[in-house]
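Notes follow the structure.
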Amino acid sequence: MSEGSQPTKSVADYEATLSKADTSVASFEHEQVTALQKLRIFLQTFPVAVPIFVLILSLVLFGFTTDGLIFRPGNLSTILKQITPIGIVAIAQTIIILTAGIDLSIGAIMVLSTIVMGKLGVQLGLPEPLAIAIGLFAGAVMGYINGVLVTRLRLPPFIVTLGTLYIFQALKLWYSGSESIRNVDTEAAAPMLIFFGNVISVGGFQILYGTIAFLLLAIIMTYVLKHTAWGRHVYAVGDDPNGAMLSGVRTDKVLQSVYVVAGVIAAFAGLVLIGRVGGTITPLAGETANLDSITAVVIGGTSLFGGRGSIVGSVLGAMIVGVFRFGLSLSKVDVLWQDFTVGVLIIAAVAIDQWIRKASS
């Protein structure tokens, strides 16, 4: 070792320096988490807790205001019958909103599909299974059109489906000739179209075959979203499309498939609707289905910003709307104030969603 490279300090010098060093351990103060913050984190983890609480609260409230009339089997049956078609449409709307989209044409798809089934099965005499299959296919085609416009032309879903809403409404009036198909004609020529209108009676409680189909569909779609790659991709696209794309998710194909599946589900809702109303097929049906389905989804806790929500929440949302409307009717509240109440529920649901989202910010 050369003279210039010799150490200038000895080992003893270093040890003396270390003995004078600060030996205290660094500590980090944790911010105190308040009860309100804990609640917000809990609701983000379990978003269905809010609609469950609101549903129970609304049942208790109307139990008092109607002297228990709402709990009568016949009234509970009526609520379930009323929400069944809209609940099915809400399932379709849910998977679209999970991708941070929206479908304003979903109700028109439902009604136009019923007219296709009625025209083919009742008036043209096609075999009923074929008429139903073509009606479901028509729903898929309309959903495909929405998906193509969103993915290929990069148009906002709101604008796309607002445009197709008017297109499908015009087509349903043109194809039907603005005429309805009577229930007696449906029963005589195509009774399979009213299959989902059959009921199972248990005491004074009645449940439609369509309601059973609605609940089974909700279970199936819940499983698909939670336990399949497609379902995880739907959530990923809604939460962070760029991140999903970088992870290898083919976002355009996922979006396209979502609109097609939603179209098929909406067409199935139309088939259930035919049974629900006893076989009458009219182009004027489902006028409020678009907004009602969005209402159920939002009240059920699905975020309009995408990536968060569930089918269970939307089912509960549909039930909440049904209970509120029927409970207010039993309480002899004017329809005007029924709509007012639903509007307040929507605003409150969105406000809660915004507040919950801050838990991760």
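The values are calculated or read from the model by the stated rules, or taken from the named source; none is laboratory data. From a predicted model like this one, the values you see are computed outputs, not experimental measurements. We place every Cβ from the backbone using ideal geometry, glycine too, and count neighbours over all the protein chains shown. Heavy atoms of the whole protein, side chains included, go into the accessibility calculation; ligands, DNA and RNA do not. Shrake-Rupley method; radii C 1.70, N 1.55, O 1.52, S 1.80 Å.
Data for the structure
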quantity: Whole-number percent relative contact order across the chain, with pairs defined as alpha carbons under 8 Å at least 6 apart; calculated: 31 percent
quantity: Extension gain (nm, one decimal) between Ile200 and Arg152, 0.36 nm per residue minus Cα-Cα; calculated: 12.7 nm
quantity: Helix 289-299 vs. the chain, principal-axis angle (Cα, 0 to 90°, nearest 10); calculated: 30 degrees
quantity: Residue of Met192, Met117, Met245 that the Gaussian network model of the chain assigns the largest fluctuation, springs spanning Cα pairs under 10 Å; calculated: Met245
quantity: 10 Å Cβ shell holding at most 16 others, DSSP loop, trypsin sites (Lys or Arg not before Pro): longest site-free stretch of the chain; calculated: 21-151
quantity: Amide H contacts of Arg308 (H built 1.01 Å from N, under 5 Å, at least 5 apart or other chain); calculated: Ser303
quantity: Simple label model, 7 Å out from Cα along Cβ direction - Ala351 to Phe53, nm; calculated: 1.4 nm
quantity: Net charge contributed by nearby residues that have their C-beta within less than 15 Å of Asp339 (K/R +1, D/E -1); calculated: -2
quantity: The chain, accessible area per residue, ligands and nucleic acids excluded (1.4 Å, Å²); calculated: 52 Å²
quantity: Degrees separating the helix 106-118 axis from the principal Cα axis of the chain, which is the longest one; calculated: 30 degrees
quantity: Accessible carbon and sulfur surface of segment 228-361 relative to its total accessible area, %, 1.4 Å; calculated: 66 percent
quantity: Over 31 Å (Cα to Cα) - which of Lys172/Lys253; Lys81/Lys172; Lys172/Lys226; Lys119/Lys332 fall in this group; calculated: Lys172/Lys226; Lys119/Lys332
quantity: Modelled FRET efficiency - R0 35 Å, Lys226 with Asp339, Cβ distances, 0.05 increments; calculated: 0.55
